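Before any comments, here is the structure.
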């Protein structure tokens, strides 16, 4: 269970998040929707400890982590796949995976973790020695997801996993995410601009607009058009 | 082979390997924080001066060296905590660290001058005496040149191996390229930054002892020129690469000694800096620097 209570994020005078409260359940996908600049990334970044929190609390299974530095949160089993193809571009695929595995709590030995990654995404096995910067966009996203999941995290934050990818790759990526969530019992939070896609795989969804929560509900309801039938027209 | 030329080359390689060590020390903090400790020269000086002082108090030479290195390592931590971290926390690409590290160096130099006097003091013979030599290709080669070269090359190779082959070395790379990503992956970024400043100060200390050993004396102003030349070596070889630091250091050492021998000693440094400017114009990433790997 991941909970956020009245969370505020401010970059200097600019308020990115103005008091957001939400919860995400273990073994389920929770979607955070909103247009560009709505505060989705700020929310995820505050949870993983790299955005300045100006107020509110963040709880992992009831434990307040608001004051913990980012590496300590990672050690508690929190993983964050950031937006924008964040990889160590000059390191090889294998080295990226090893780094992602090495620091903090890990549930499986490296060999086994590597084998699982290569089974899921065989192309990453074939390109193990290639610098990550030279992979295609889809392969980079696969590597980012593999890095985020290689330690077997208990909480997984995914920021715009579909951004800039071809539809066929997006389908593959989302198939992995749903499958992984179901099997690992991980608490997953996905920030997405593509609302329909995220609503289809998630159980619950929150809609952000200009740093505030404007709508929340079960994904099925929102997919059917929202309580007032106005989700897309009003907020996205 | 011409004796004069040969001796210049040897002297060049020897001072060049010290420049390489200095460049390597600058590299380390540049990797982790994109900052340079301009107080590096004063740390070199202090390490050499303290070694002289401690051994004059009757401490065994080896203990004097180790004690001085410990002091310098502690000062490296001090620099990170009080000169670098606040400046970087200010954000917005603050250049405050240039002033704060330079200021640290100047204060250290002043303190050393106050307590140890500003006169040059003789540096004891730690590793070898100036009279020791071996014969290479029928030439007498002073042993100190070879020891300095061997020590520098092995330190550089060790560091290169560490960075390329160990996961902690790759974590240093990670902090250098994307500190935020390193943080969310659980890499202890703070610890690595602190470690880089300690290691960098230790390298400065070793370089200080070696160059005091080659020159035979040390004084509080010693170190300032050396750091500038180490900086030239680093930029020449490509800031951020260890082998580049070695190549750059040797190039600067050789060129300045050859210029000094055949043209004029007054031109030594001028030529080194002319070289730096030419390098920046022609190949900004340095001799062995790698441009960013990326697709599209």
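The values are calculated or read from the model by the stated rules, or taken from the named source; none is laboratory data. The model shown is predicted, which means the values in this text are computed figures rather than measured ones. FYI the Cβ positions are ideal-geometry reconstructions off the backbone, even for glycines, and counts take in every protein chain you see.
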Next item on the list: Kindly provide the set of residues from region A:101-148 that are within 12 Å of chain B (Cβ to nearest Cβ), touching a strand residue (DSSP E or B) at 6+ places or on another chain (Cβ under 9 Å) and closer than 18 Å to residue A:77 by Cα, ordered by number.
Entry: A:144, A:147, A:148
Next item on the list: Take region B:86-126 and flag every residue that is part of a helix (DSSP H, G or I) and crowded, with 18+ Cβ neighbours inside 10 Å.
Entry: B:87, B:97, B:100, B:101, B:104, B:105, B:108, B:109, B:112, B:116
Next item on the list: Kindly indicate the residue of region A:104-116 that is in contact with a helix residue (DSSP H, G or I) (Cβ under 7 Å, 6 or more places away or on another chain) and crowded, with 18+ Cβ neighbours inside 10 Å and also nearest to residue A:56 (Cα to Cα) among those meeting that condition.
Entry: A:104
Notebook entry, point to check: Given the conditions (1) crowded, with 21+ Cβ neighbours inside 10 Å; (2) free of Cβ contacts under 8 Å to residues at least 60 places away in the same chain, and given that residue B:239 satisfies all but one, which numbered condition is not satisfied?
Noted result: (2)
Margin query: Quick check on region B:160-181. Is at least one of its residues more than 10 Å from every other protein chain (Cβ to nearest Cβ), over 30 Å from residue A:50 (Cβ atoms) and within 18 Å of the chain's Cα centre (by Cα)?
Written below: yes
Check: Given the residues A:34, A:39, A:62, which is the only one that is out of contact with any strand residue (DSSP E or B) (no Cβ under 7 Å at 6 or more places or on another chain) and on the phi > 0 side of the Ramachandran plot?
Finding: A:62
Next item on the list: Run down B:254, B:210, B:246, B:228 and say which single residue is away from every other protein chain (no Cβ under 14 Å), surrounded by fewer than 20 Cβ atoms within 10 Å (Cβ to Cβ), within 13 Å of the chain's Cα centre (by Cα) and assigned to a helix (DSSP H, G or I).
Entry: B:228
Next item on the list: Taking residue A:138 as the residue in question, decide whether it is under 21 Å from residue A:191 (Cβ atoms), assigned to a strand (DSSP E or B), modelled with pLDDT under 95 and more than 14 Å from the chain's Cα centre (by Cα).
Entry: no
Next item on the list: Could you tell me whether any residue of region B:108-130 is within 19 Å of the chain's Cα centre (by Cα) and at pLDDT 90 or above?
Entry: yes
Check: How many residues are in a loop (DSSP other than H, G, I, E, B) and either touching a helix residue (DSSP H, G or I) at 6+ places or on another chain (Cβ under 7 Å) or within 13 Å of chain B (Cβ to nearest Cβ) (or both) when one looks only at region A:51-72?
Finding: 5
Checklist line | Filtered residue count, region A:73-100, keeping only those that are more than 8 Å from chain B (Cβ to nearest Cβ), in a helix (DSSP H, G or I) and surrounded by fewer than 23 Cβ atoms within 10 Å (Cβ to Cβ) | finding: 1
Item checked: Filter pass, residue A:31 being at pLDDT below 95, within 24 Å of residue A:198 (Cα to Cα) and away from chain B (no Cβ under 14 Å) -> no
